[in-house]
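Enquirer: First the structure, then my questions, so here it is.
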Amino acid sequence: MVGAGGIGCELLKTLALSGFQDIHIIDMDTIEVSNLNRQFLFRQSHVGQSKAKVARDAVLRFRPNISITPYHANVKESRFNVDFFKEFDVVLNGLDNLDARRHVNRLCLAADIPLVESGTTGFLGQVTVHLKGKTECYECQPKPAPKTYPVCTITSTPSKFVHCIVWAKDLLFAKLFGDKNQENDLNVRSSDTANSSEHSEDVFECRKDEDIERYGRRIYDHVFGHNIEVALSNEETWKNRNKPRPIYSKDVLPEKQTKENGNKEKGCAADDVSAMVSLSLKNPQDIWSLVENSRVFLEALRLFFLKREKDIGNLTFDKDDQLAVEFVTAAANIRASSFGIPLHSLFEAKGIAGNIVHAVATTNAIIAGLIVIEAIKVLQKDNNNYRMTYCLEHPSRKLLLMPVEPYEPNRSCYVCSETPVSLEVNTQRSKLRDFVEKIIKAKLGMNFPLIMQGASILYEVGEDLEEDMVAIYAANLEKALSELPSPVTSGSVLTVEDLQQEFSCSINIKHREEFDEEKEPDGMLLSGWVEAPVDKDNNKPIGNDESTSNALPSGETLEGEKDDEIQETSEVVEAFTGKKRKLSEVSEVTAPDPSGPSSINQNKPKKLDIDDEADELIISDDWESLTKKKKL
Amino acid sequence: MDGEELTEQETALYDRQIRVWGADAQRRLSKSHILVCGLKGTVAEFCKNIVLAGVGSVTLVDDRVVTDESLPANFLILPHENHYNGKTLAEVCCDSLKEFNPMVDVAVETGDISTFGVEFFEKFDAVIISCCSLGKKKLINQKCRKLSKRVAFYTVECRGSCGEMFVDLQDYKYSKKKLEETIECQIEYPSFEEAISVPWRALPRRVSKLYFAMRVIEQFEDVEGRNPGETSIADRLGVLKLRKELCETNSLDESQIPDALLERLLTDTREFPPVCAIIGGILGQEVIKAISGKGDPLKNFFFFDAMDGKGLIEDISGPSTRS
């Protein structure tokens, strides 16, 4: 089993009850309070301990005679190689991120071990079975990557609350409290670039002997007042858009009031410091007014400098850091106010900023039951009866649990069918480093790549490399593709491998001069690796939430967060468009009618009748109306 | 909402589920009282789910003494003799369930609830029974229906790779948002007795065969005076004979209740843990919906068969209550 969280706890319990005797379980996380509403093997007293180990101990209490081996480790570690996976009869995933799922998928393919995949979000869930050569692999159908937003939307023209959150978290918070050496786009796109970049160095630093209150107001005025005025001066931008309004602290919070807030610290430890407590704002579900948000902004900033000075310069946003969440909420709300975007509560903001997946115990329990049923079939080599099962929130044709036959492997899948992909890139401008980070690692999901052109190795990562080779590779990273020792130009074919995943891929290079800054911010376009359509903001496969890195890539795109609407995912709908051939269609002599459900295939519906709008709005609107309580 | 706000502890613990159903629904859950009778694997799963969800209280009824037979599908029973020796199922499960959420009141009630009066049932918002005879199901359902407040009634049975769940919310009104508007919804549910009295011929053509099969076995146990779940493959001939009679009375073709299905149900009489998890999960969701007033509850039967993998809702109701 990979994962001992929401699905993992339910799965381990059901496996043990069902008679499985030898289970290994890998999980890198430790237990948090927010897990306890569904990860029932854990108790309050276990907070901070390894999930894999505690889960094992808990299950042994009611099944003492089975063997459970826990690994408190990241499944991407090199010890979990193909030989490791070959020891098992079946692999069961209970993961929460795309990256790890792809990694395990490749290892299972390389080891030729069956994989049962699963995911849940709220009331939705799914279970899929993957057997090399017989069914699709996990990557045969495109999985949408986490949403990203163009830089200018974040820095200049936000239109949604999530844009304000990304600004507050990845720009402002990072600038004030994070690594000072990190590139930061906070002041870009003003019409007076030269002046402002110099000016900005002074602005964000606290001056010697500067009063913290004064400093806070100065920052406030700079980002919500001055920067907005500068943006407004560029008429072009606002031709077809609503103009933002600059906000200055003296207009929102006349001087006297902030001094009254002063001294409510009760000698609490650095960890417990909270602006909400200090300002007596009790309910995280309340939507604060502009005045309240401004107070929180200033108070949170003040508390960081007063009580957590040591952290400043080292911080990355952590959703469990109360003060950070308060600051980001307030900052995002003030910016939203400026741009006429609806404000949100701390509870909502935290969910967006922290990429929180909403989750309940019941869905995980159902999915765990379905996983075990498939796992048993795998052990029995019951090849004709494997199923993908979808757990729906609203019934479709009376079905809440909808079984579907697995599909044949996708012949164009670059992972399991070894089809080459193509890359359009400006070979004279783009560096090898960009190629490695944005394409090889981010898009193709390789962790330790080896890149070759013919017999020349352009780049590799490894433990036993000679020093001079390491130096050459480091130098190569900074070169443009066409300037590499073995030049990469239009028509080049690169072979990229990840030795741990035992996965190899060919990339055909095609030179292109220009790229659209907004639509193709990376300056590279990969095809043959088909990305799912990004027509809605939250098209993630069920159960993929966390962006795996908090650090921004060097300036060009910003990782987006989960939209605050909760929506059905595209993957469920995709499964029913009937475009791919299912296993049964191969073995039957007469092909079933693809235009609609026939009486033969009544239990294999081709189209999913989801009343999309109703489904989407019921939970989210209701939830919003319940949580929107404006204070007078 | 003064004094009724969720505590800081509740907000922290329930964060992930509040993001699913909202703080208001969570508050309603925390004030609810659930009665559970018949503690086998599926119901154990259900209890775990609602305790985690944060209901106000769960009252457990099952005076059967724990034996080795109780162990297989019930993870609430720890297999150390001194843990369960002499204790009843309710007592042992109570101890385990308390651990899952200290904020939920879990208690044991002894005795046969068929003999309990109206005042007893009025304390609850939902009653769930399992492992009981047809007569008892009808009786308890009736008691729930006679109260001045609505008490939701549920039954579950799992046999081998199959499971059945029944819901009776009586006259259920709730509201939901659809495209900026709030719509008022109303669903009328038949009682268990009313539902199973609907002539088979009057039911929609493609009703799950499992519905009929469960009714045959249920009738068999009733007529032969068997304890629930005791019918086995040894009774095959008797069961097939009863099927024939029932089909004739109902003008239903016998092929609608296949031999193979009945035989499966008679052979695998013990609960299958994955099915317990699935049915226990669906039941948990339904009870949460009914108590919180959020979400469309299912009407009125749910079936799962691991053989075909379908989790299916059937509306078994007479013309007056058909939705």
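The values are calculated or read from the model by the stated rules, or taken from the named source; none is laboratory data. All values derive from a computational prediction rather than experimental measurement. Cβ sites come from the backbone with ideal geometry, for glycine too, and all protein chains shown count toward neighbours. For the accessible areas, the whole protein counts, side chains as well, though only heavy atoms, and no ligand, DNA or RNA atoms are used. Shrake-Rupley method; radii C 1.70, N 1.55, O 1.52, S 1.80 Å.
Enquirer: Suppose the filter is modelled with pLDDT of 95 or more and either farther than 22 Å from A:MET402 by Cβ or open to solvent by 20 Å² or more (accessible area, probe 1.4 Å) (or both); does B:VAL287 pass it?
Expert: Here the answer is yes, as B:VAL287 does meet what is asked.
Enquirer: What is the residue count in segment A:320-345 for residues that are more than 11 Å from chain B (Cβ to nearest Cβ) and either touching a Ser or Thr at 6+ places or on another chain (Cβ under 7 Å) or among the hydrophobic types (A, V, I, L, M, F, W, C) (or both)?
Expert: Total satisfying the criteria: 14.
Enquirer: Given the structure, is B:THR231 assigned to a loop (DSSP other than H, G, I, E, B) and in contact with a Leu (Cβ under 8 Å, 6 or more places away or on another chain)?
Expert: Yes.
Enquirer: Within segment B:31-38, identify whether any single residue is open to solvent by 10 Å² or more (accessible area, probe 1.4 Å) and more than 25 Å from the chain's Cα centre (by Cα), and answer yes or no.
Expert: Scanning segment B:31-38 turns up no residue that is open to solvent by 10 Å² or more (accessible area, probe 1.4 Å) and more than 25 Å from the chain's Cα centre (by Cα).
Enquirer: Which of the residues belonging to segment A:84-124 are in contact with a His (Cβ under 8 Å, 6 or more places away or on another chain), of a type in the set (S, T, N, Q) and within 14 Å of chain B (Cβ to nearest Cβ)?
Expert: Across segment A:84-124, the qualifying residue is only A:THR121.
Enquirer: Right, next: Just one of B:VAL104, B:VAL108 is β-branched (Val, Ile, Thr), more than 15 Å from the chain's Cα centre (by Cα), surrounded by fewer than 24 Cβ atoms within 10 Å (Cβ to Cβ) and closer than 22 Å to B:GLN9 by Cβ; which is it?
Expert: Unique residue meeting the criteria: B:VAL104.
Enquirer: I've got another one for you. Looking for whichever is in the same structural domain as B:GLU164 (by the TED database) and open to solvent by 30 Å² or more (accessible area, probe 1.4 Å) here; the options are B:ASP296, B:ASP259, B:ASP305. Which one fits?
Expert: B:ASP296
Enquirer: Give A:CYS164, A:CYS152 a once-over and let me know the one that is surrounded by fewer than 22 Cβ atoms within 10 Å (Cβ to Cβ) and assigned to a helix (DSSP H, G or I).
Expert: Going through A:CYS164, A:CYS152 in turn, the sole match is A:CYS152.
Enquirer: From the list A:LEU279, A:LEU303, A:LEU323, A:LEU298, exactly one residue is farther than 30 Å from B:GLY163 by Cβ, open to solvent by 10 Å² or more (accessible area, probe 1.4 Å) and either in contact (Cβ under 8 Å) with a residue 24 or more places away in the chain or in contact with a Pro (Cβ under 9 Å, 6 or more places away or on another chain) (or both). Which is it?
Expert: A:LEU298
Enquirer: For segment B:85-101, which residues satisfy the criterion of being open to solvent by less than 20 Å² (accessible area, probe 1.4 Å) and either assigned to a helix (DSSP H, G or I) or at pLDDT below 85 (or both)?
Expert: The answer is B:LEU89, B:ALA90, B:VAL92, B:CYS93, B:CYS94, B:SER96, B:LEU97.
Enquirer: Right, here's the next one. Could you identify the single residue in B:GLU157, B:GLU184 that is assigned to a strand (DSSP E or B), acidic (Asp, Glu) and surrounded by fewer than 18 Cβ atoms within 10 Å (Cβ to Cβ)?
Expert: Exactly one of B:GLU157, B:GLU184 is assigned to a strand (DSSP E or B), acidic (Asp, Glu) and surrounded by fewer than 18 Cβ atoms within 10 Å (Cβ to Cβ), namely B:GLU184.
Enquirer: Continuing with this model, one more query. Between a residue in segment B:7-22 that is in the same structural domain as B:LYS177 (by the TED database) and any residue that is open to solvent by less than 30 Å² (accessible area, probe 1.4 Å) and of a type in the set (A, V, I, L, M, F, W, C), which pairs come within a Cβ distance under 6 Å, given they are 6 or more apart or on different chains?
Expert: Partner pairs satisfying both residue conditions: B:LEU13/A:LEU36; B:ARG16/A:ALA359; B:GLN17/A:VAL360; B:VAL20/A:VAL360; B:GLY22/A:TRP623.
Enquirer: Of the conditions (1) modelled with pLDDT under 95; (2) of a type in the set (Asp, Glu); (3) more than 23 Å from A:ILE31 (Cβ to Cβ), A:GLU117 satisfies every one except a single condition; which number is it?
Expert: (1)
Enquirer: Please work out which residue is nearest to the other protein chains (Cβ to nearest Cβ), limiting yourself to segment B:22-61 and to residues that are on the phi > 0 side of the Ramachandran plot and touching a Leu at 6+ places or on another chain (Cβ under 7 Å).
Expert: Among those that are on the phi > 0 side of the Ramachandran plot and touching a Leu at 6+ places or on another chain (Cβ under 7 Å), it is B:GLY22.
Yes/no matrix, rows are residues, columns are (1) part of a loop (DSSP other than H, G, I, E, B); (2) without any contact (Cβ under 8 Å) to a residue 12 or more places away in the chain; (3) of a type in the set (Asp, Glu); (4) closer than 17 Å to A:SER504 by Cβ:
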position	(1), (2), (3), (4)
A:VAL357	yes, no, no, no
A:ASN364	no, no, no, no
A:ILE367	no, no, no, no
A:TYR386	yes, no, no, no
A:TYR390	no, no, no, no
A:ASN410	yes, no, no, no
A:GLU418	yes, no, yes, yes
A:GLN428	yes, no, no, no
A:ASN447	yes, no, no, yes
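Enquirer: Scan segment A:387-403 and tell me whether some residue there is closer than 30 Å to A:VAL277 by Cα, surrounded by fewer than 24 Cβ atoms within 10 Å (Cβ to Cβ) and either more than 10 Å from chain B (Cβ to nearest Cβ) or not β-branched (Val, Ile, Thr) (or both).
Expert: No, segment A:387-403 has no match at all.
Enquirer: Further, regarding this structure: Looking at segment B:188-211 only, could you name the residues that are among the aliphatic types (A, V, I, L, M) and assigned to a helix (DSSP H, G or I)?
Expert: Once the filter is applied, which keeps residues that are among the aliphatic types (A, V, I, L, M) and assigned to a helix (DSSP H, G or I), segment B:188-211 yields B:ALA195, B:ILE196, B:ALA202, B:LEU210.
Enquirer: Are any of the residues in segment B:266-280 in a helix (DSSP H, G or I), more than 10 Å from every other protein chain (Cβ to nearest Cβ) and at negative phi?
Expert: Yes: segment B:266-280 contains one or more residues that are in a helix (DSSP H, G or I), more than 10 Å from every other protein chain (Cβ to nearest Cβ) and at negative phi.
Enquirer: Could you say which residue among B:GLU221, B:GLU286 is of a type in the set (D, E, K, R), part of a helix (DSSP H, G or I) and over 20 Å from B:ASP168 (Cβ atoms)?
Expert: B:GLU221
Enquirer: While we're looking at this one, here's another question. When you go through A:LYS510, A:LYS519 one by one, which is the residue that is modelled with pLDDT under 85, open to solvent by 20 Å² or more (accessible area, probe 1.4 Å) and outside the structural domain of A:LYS169 (by the TED database)?
Expert: Just one listed residue meets the conditions, A:LYS519.
Enquirer: List pairs: first in segment B:129-146 and assigned by the TED database to the domain that holds B:PHE46, second surrounded by fewer than 18 Cβ atoms within 10 Å (Cβ to Cβ), Cβ under 6 Å, 6+ apart or cross-chain?
Expert: Short answer, once both residue conditions are applied: B:LEU134/B:ASP222; B:LYS136/B:SER114; B:LYS138/B:GLU193; B:LEU139/B:SER114.
Enquirer: Would you mind stating whether B:ALA25 is modelled with pLDDT of 95 or more and either open to solvent by 30 Å² or more (accessible area, probe 1.4 Å) or part of a helix (DSSP H, G or I) (or both)?
Expert: No, not satisfied.
Enquirer: Which of the residues belonging to segment B:77-110 are facing another protein chain (nearest Cβ under 8 Å) and among the hydrophobic types (A, V, I, L, M, F, W, C)?
Expert: Correct list: B:ILE77, B:LEU78, B:PHE100.
Enquirer: So, in segment A:48-83, exactly how many residues are away from every other protein chain (no Cβ under 11 Å) and part of a loop (DSSP other than H, G, I, E, B)?
Expert: Counting residues in segment A:48-83 that are away from every other protein chain (no Cβ under 11 Å) and part of a loop (DSSP other than H, G, I, E, B) gives 13.
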